[in-house]
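As structure tokens, the structure follows; a few thoughts come after it.
The values are calculated or read from the model by the stated rules, or taken from the named source; none is laboratory data. Small disclaimer: the values here were computed from a predicted structure and weren't measured. Cβ placement follows ideal geometry from the backbone for every residue including glycine, while neighbour counts extend to all protein chains displayed. When the accessible area is computed, the model is the full protein with side chains, heavy atoms only, and any ligands, DNA or RNA have been set aside. Shrake-Rupley method; radii C 1.70, N 1.55, O 1.52, S 1.80 Å.
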Amino acid sequence: QTPLPYIYTTWGQWDISLIITDQNGCVDTGTSIITVWPNPNADFDTSYSCFPDSICSNDITSLIDNSGMTDPLGGNLNTAYWYIDNSLSFISSPASTPFDNQYTSGLHTIKHVIESEFGCKDSITNTLQVVDIPVPNFTIIDTICVNDPTIFVLSNNSSGYILDYYWEIDSAGV
């Protein structure tokens, strides 16, 4: 006979005893000690240089492992697994190695799984919004005469997540 499953909600060392009785009424006890290891705490940050709430599709984005152990009894962080859109993309050992990547535009799910030297795991999932880089697209009148009005942009069809326009006009000549 095996005992019913038991879930430990805290870590530490625990005595496990089995008391057996035979048909003659003889009793014996066996005791072993088990160690329940604490789980690591998975956490990560992103580093990029685009708009504060989005990542530009041409940016290199660093995923920075901020995971840690709750208690020194948990040992060392051993391995980090990075999943992008449910596909394993990178494994690092030691766990603290940063992971750099570029993304296409859209929403991307990043799952970070951390594993301790004792096989205990924790995970965290975040979503990254990646936007297309803005594309400048304008039509100009490329020949104007001195003293003509300075309306030389016929149309501005720029696209993308545009926060601001800055026109630079070379007045020194080419």
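Between the amide H of Asn39 and any residue lying 5 or more places away or on another chain, no distance stays under 5 Å, with hydrogens modeled in the peptide plane.
Computing the accessible area with a 1.4 Å probe over protein heavy atoms, can you report the carbon and sulfur percentage for the chain? It is 52 percent, rounded to a whole number.
If R0 equals 41 Å, the separation of the Cβ atoms of Val153 and Gln102 corresponds to a calculated FRET efficiency of about 0.80. In plain terms, the chain from Ser123 to Ser92 could stretch by 9.7 nm, reckoned as 0.36 nm per residue minus the Cα-Cα distance.
Got the relative contact order for the chain handy, in percent, Cα pairs under 8 Å and 6 or more residues apart?
Over the chain, the number comes to 17 percent.
Across segment 111-151, the residues whose backbone nitrogen lies under 16 Å from the label position 7 Å along the beta-carbon direction of Asp170 are 140-144.
Looking at the chain, the accessible area is 71 square angstrom per residue; that uses a 1.4 Å probe and ignores ligands, DNA and RNA. Label-to-label distance, Trp11 versus Asp45, with points set 7 angstrom from Cα along the beta-carbon direction: 2.3 nm.
Semi-axis lengths, largest first, of the ellipsoid equivalent to the chain are 65, 14, 10 Å, with √(5λ) applied to each eigenvalue of the Cα gyration tensor. Put the Cα centre of segment 107-174 next to the Cα centre of segment 1-70 and the gap is 43 Å. Multiplying the residue separation of Asn24 and Asn66 by 0.36 nm and removing their Cα-Cα distance gives an extension gain of 9.2 nm.
Using a 10 angstrom cutoff on alpha carbons, build the Gaussian network for the chain and name the most mobile of Val146, Val130, Val36. In the Gaussian network model the winner is Val146.
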